[in-house]
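Worksheet for the structure shown next.
What follows draws every value from the coordinates through simple rules; no lab data is involved. For clarity, every value in this text was computed on a predicted model and none was experimentally measured. Heads up, the Cβs are rebuilt from the backbone with ideal geometry, glycines too, and the neighbour counts pull from every protein chain shown.
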Amino acid sequence: MNRLLCFCRPGFEKECLAELQDQLAAKNIWGRFIAEESSGWVDFILSPDCDAAVHWDMLDINQLIFSRQIFYFDEVIDLNGQDDRATPISNALLSLFNNLGLDLLFSDILVQSPDTNEGKKLNRFCKQFVSPLASSLRKLDFKRVYSRSDLPVIQLFFTDYATVRVGVAKPDSCSPFTGGILRLKFPADAPSRSTLKLDEAFQVLLTPSEREKYLIPGMIAVDLGAAPGGWTWQLVKRGMEVYAVDNGPMAESLMATGQVNYLREDAFHWRPSNTVDWLVCDVVEQPMRIAKLITQWFQEGLTRHAMINLKLPMKKRYVEVKNCLDLIATSIGPRVKLKCKQLYHDRMEVTLYIQIL
Ligand SMILES: C[S@@+](CC[C@H](N)C(=O)[O-])C[C@H]1O[C@@H](n2cnc3c(N)ncnc32)[C@H](O)[C@@H]1O
């Protein structure tokens, strides 16, 4: 097994690749790659002396900013002229499992396509293919054990109906979601679509036990650049009291909850009088200026947690994000936990979770 596939937001292949190369180089792993612009994926072919079979948890999706999903595979399978796709794919999986010395047990099957207009045409087919593949795998004595979250996840990636990459990932180093995309329904009473960014951030960047501990009714939050209130809505929904800082107006429905204190102030100058539980920030500004602002809040002990959106209108987006993370990590010190991700609901931006340990 000598290849790995990463999915990313279409248009961010360069960033996805640069980050992969950085993380692999740190482990002395090199290779060639296929990374077409706007395709939404990167295929990394490891150098012959590296066998991913030995280290197929060498990358952790939770430690990658620009990758949404990852899996390891051997070859691209051409299904042209085949009416029955499930059999050749199951046979390929059988050889892969045998080569890896794995029991024929798995925890899930993800059938995926690129997050592009062309790729979306395959969505329905991908969804419907899970069932015939599962029954074909059963005939080869594969067993799906739902309760065993330690077992490999089988992943397929179709770039068209006849071209598929078939592989596996360790469950805790890949995303549990098809294509690495957490699909969320827009809540009808939320004031803006931005609300989905913060909802996804809480679900992806915090673990279930962190959500239970850190998102508690009665907590105090500050929302910088709050208007019209999509992020504040998420905090209010979780029972928090929110200081909403913005020059623009907040949705009246939010103000009517009695949980929102609206402050027509400058996000870069206003400070709370006591430490708050959460600082969230969606102000459109240079990422470095936002990183410096957030750093000050932590240095002054003004918040325990922060969820920050960094906008990336510039060309060197990966370098910019790395510089911001470096600044925050070095200024706040070793007791800081940082998690950064380009979420599905992020566009030209990434979201950053910061916690003082
Ligand atoms: C992307 S919008 C925020 C959307 C909001 N998170 C939501 O979910 O509805 C950015 C907001 O930042 C505000 N903003 C920009 N610069 C600001 C500043 N210096 N102080 C306060 N608010 C600012 C803008 O008025 C705008 O409402």
Handout entry: Cys residues of the chain counted as unpaired, since no other Cys beta-carbon is under 4.7 Å
Key = CYS6, CYS50, CYS126, CYS174, CYS281, CYS324, CYS340
Exercise for the section: Take the Cα atoms of segment 62-111, find their three principal axes, and give me the spread along each one in whole Å, biggest first. Expected result: 39, 27, 18
Completion exercise
Simple spin-label estimate for ALA25/SER253, 7 Å along Cα→Cβ, in nm, reads 4.9 nm
Problem - segment 10-59 versus segment 104-122: alpha-carbon centroid distance in Å - result: 19 Å
Problem - Cα pair count fraction exceeding 29 Å, expressed as % - segment 3-180 - result: 15 percent
Problem - Computed FRET value (nearest 0.05) for LYS143 with SER95, which takes r as the C-beta separation and R₀ as 22 Å - result: 0.80
Handout entry: For SER39, residues with placed amide H under 5 Å, excluding near neighbours
Key = GLY11
Handout entry: Pairwise label distance in nanometres, GLU210 with ALA329, each label 7 Å out on the Cα-Cβ vector
Key = 1.5 nm
Handout entry: Local electrostatic count at ASP115 - Lys and Arg +1, Asp and Glu -1, tallied over other residues with Cβ under 13 Å
Key = +3
Fill in the blank from the handout: Rounded to 0.05, the calculated FRET efficiency for the beta carbons of VAL130 and GLN296 at R₀ = 56 Å is 0.70
Fill in the blank from the handout: Here the Kirkwood hydrodynamic radius of segment 264-357, Cα-based and in Å, equals 13.5 Å
Fill in the blank from the handout: Per the charge dipole of segment 248-314 (beta-carbon charges, Lys/Arg positive, Asp/Glu negative, Cα centre), the residue among THR295, VAL284, ASN309 reaching farthest to the positive end is THR295
Completion exercise
For segment 59-151, the Kirkwood Rh over every pair of distinct alpha carbons, in Å, works out to 15.0 Å
Exercise for the section: Return the Cα extents of segment 196-332 along principal axes one, two and three, sorted largest first, each rounded to a whole Å. Expected result: 42, 35, 29
Exercise for the section: Calculate the translational D of segment 20-95 in whole µm² s⁻¹ from Stokes-Einstein, where the hydrodynamic radius comes from the Kirkwood formula applied to all Cα pairs, the temperature is 10 °C and the viscosity 1.306 mPa s. Expected result: 109 µm²/s
Exercise for the section: Kindly give Rg over Rh for segment 109-192, based on alpha-carbon atoms, with the Kirkwood expression for the hydrodynamic radius. Expected result: 1.04
Problem - Per-residue ³J(HN,Hα) for segment 191-196, Karplus 6.51 cos²θ - 1.76 cosθ + 1.60, θ = phi - 60°, Hz, x for Gly and Pro - result: x, 7, 5, 3, 3, 5
Exercise for the section: Largest first and in whole Å, give the semi-axes of the chain's equivalent ellipsoid, each being the square root of 5 times a Cα gyration tensor eigenvalue. Expected result: 41, 22, 18
Handout entry: Rounded FRET efficiency, nearest 0.05, which uses the C-beta distance separating ILE356 from LEU102 and R0 of 51 Å
Key = 0.80
Handout entry: Amide H contacts under 5 Å for VAL222, placed H, 5+ residues apart
Key = TYR243, TRP278, LEU279, VAL280
Problem - Sequence ranges 62-69, 98-105, 336-343, 14-21, ranked by mean other-Cβ count within 10 angstrom, highest first - result: 62-69, 14-21, 336-343, 98-105
Handout entry: Extension gain from ASN62 to MET314, taking 0.36 nm per residue of separation minus the Cα-Cα distance
Key = 88.3 nm
Completion exercise
Karplus ³J(HN,Hα) for segment 44-54 (6.51 cos²θ - 1.76 cosθ + 1.60, θ = phi - 60°; Hz, whole; x = Gly/Pro) runs 9, 9, 5, 5, x, 7, 10, 10, 5, 4, 6
Completion exercise
Per the charge dipole of the chain (beta-carbon charges, Lys/Arg positive, Asp/Glu negative, Cα centre), the residue among ILE77, LEU327, LEU100 reaching farthest to the positive end is LEU327
